[in-house]
Amino acid sequence: MKYKSQKQYRLPGFNYSGEGKYFVTICTHNRKHSFGKIKNDEIILNETGKIVEKIWNEIPSKFQYISLDVYQVMPNHFHGIVVINEDNFINEIPTFKSGIINNPMELKSISLGRIIRWFKGRVTFEAKKINPRFKWQSRFYDRIIRDEREFYFIQEYIKNNPLNWGENILDKYFKN
């Protein structure tokens with residue numbers, strides 16, 4: 001039996017629990033406009049969009065060594081910067097509960113994937129109370145922010161995303 005190969009979204013061999021800044025984009029299933037609308041170059045969040053914003057801002061209180069930088073909820077996706085402030089390798093931090101209801105699994109390190117999995121799970125749980133059909137796209141996109149110049153341009157891109165709704169201006173910054 002042949003299996004379709006899945007596209008690799010993570011950088012092979014990179015430690016996503018290591019200290020660094022990560023630009024994350026998470027889309028709704030089929031790019032459905034679930035979080036609000038753009039009006040006069042500003043996002044007007046609906047109730048589901050407000051849930052996304054609230055739960056995103058809970059991340060630092062749920063995960064040790066994590067802080068957040070700029071973020072933007074858009075009608076059908078979300079952009080944010082996650083900062084892992086220290087390496088947190090398996091033996092350097094105590095285990096902790098996963099944070100997912102009815103999941104007794106203990107985690108030994110905090111990685112970008114675990115943070116986003118928690119975020120998407122919490123948003124889905126709360127959003128389905130309002131919209132039972134709410135779904136995220138199955139994966140998320142990330143970019144390891146390599147230097148301060150890139151960090152600045154990504155921050156500006158995120159802040160100005162409502163102004164550029166419908167355009168893909170990120171390509172002009174990252175052509176490589």
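The residue of segment 49-73 that is farthest from residue 133 (Cα to Cα), among those that are in contact with a Gly (Cβ under 8 Å, 6 or more places away or on another chain) and touching a residue at least 60 places away in the same chain (Cβ under 8 Å), is 69. Go through segment 105-135 residue by residue and tally those that are over 11 Å from the mean Cα position of the chain (by Cα) and farther than 12 Å from residue 22 by Cα. Residues meeting the conditions: 21. Here residue 23 meets each of (1) assigned to a strand (DSSP E or B); (2) within 22 Å of residue 127 (Cα to Cα); (3) not aliphatic (A, V, I, L, M) with one exception, condition (2).
Highlighted here are the strands (runs of 3 or more DSSP E) found entirely within segment 50-164 that include at least 2 residues which are surrounded by 13 or more Cβ atoms within 10 Å (Cβ to Cβ) and modelled with pLDDT of 95 or more: 66-73, 77-84. When every residue of segment 35-48 is checked against the conditions, at least one turns out to be more than 14 Å from residue 119 (Cβ to Cβ), touching a Leu at 6+ places or on another chain (Cβ under 7 Å) and surrounded by fewer than 17 Cβ atoms within 10 Å (Cβ to Cβ).
The values are calculated or read from the model by the stated rules, or taken from the named source; none is laboratory data. These numbers come from a predicted model, not from an experiment. Don't worry about glycine lacking a Cβ; one is built from the backbone with ideal geometry, like all the others, and counts go over all protein chains shown.
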